[in-house]
Every structure is written in C-alpha cells, then in structure tokens.
C-alpha cells in the first residue's frame, strides 16, 4: 500500500492502492477490495502507528536526527566518563563537562603540538609572544 497522508481530524494514517496512487494500470482494478483507501487508526497501537508514517521520507529524516542525538549522548556517556553516575547537581555536571571537553581537546591538539600530527604543528597559545 502507498502512503497517502495523515488525517488529523480522524486520527488515522491513510494508505491507497499503489496502482491508483501512482497512476499505474492494474488488471484486477475492478475486483480490488480497496476501492478508495485504507485508514489505520493510531489508537490500534500507538507505538507502531505514529502520525509520521514509517514509510515516508520525513520519517527517515527525523530518524536520522534521532540517531545523531544518540551518538552525541553516547559520546558524553562513554568518552567523557558520565556513565559513572557519581555526578550530582548542576554545578558538578558543568564542571565535569568542562573537564571532559578540555581533555578531549587536549587529546586532539597533543600530536599537532608535538609535531607528529602529519602537518605543521599548531601554535600553542601559551607560547605565543605578545607583539
């Protein structure tokens, strides 16, 4: 079945016969059980039937954003050590975030400052002379 949209006033997903939806010819169009469209109520199973159909392009774009957010959260949990749940409160969380980000930046700059990063070493801000 071809996705034909979400009907908010009915709370349903609408699907049509692919031949009719895409303008194709079909041998059994006269004997087809689906005359107009099939409507699936979201109340059937809300976890499966969402207002954004899983077969739509919009679902793919939304799911890609979700996986990007999950990658960021995984990075925070695993790489920055937040999986250890000893951090309590906003101040401790902000301090741990700063330490984790600083450590990550230091790991990235270390090879460049040592001259082994494959290119020209980046200047160290503490070694730049004024003027």
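The table below lists the values:
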read-out	value
Additional length obtainable on full extension of the chain from residue 66 to residue 38, 0.36 nm per residue less Cα span	7.2 nm
For segment 2-41, alpha-carbon Rg relative to the globular expectation (2.2 N^0.38 Å, N residues)	1.24
Computed label-point distance, nm, for sites residue 30 and residue 1 using a 7 Å Cα→Cβ extension	2.6 nm
Taking 41, 65 and counting other C-beta atoms within 10 Å, the order from fewest to most	65, 41
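Computed from the coordinates by the stated procedures, all read-outs in this text should not be read as laboratory data. In this text, all values refer to a predicted model and were calculated from it rather than measured experimentally. So basically every Cβ, Gly included, is an ideal-geometry build from the backbone, and we count neighbours across all protein chains shown.
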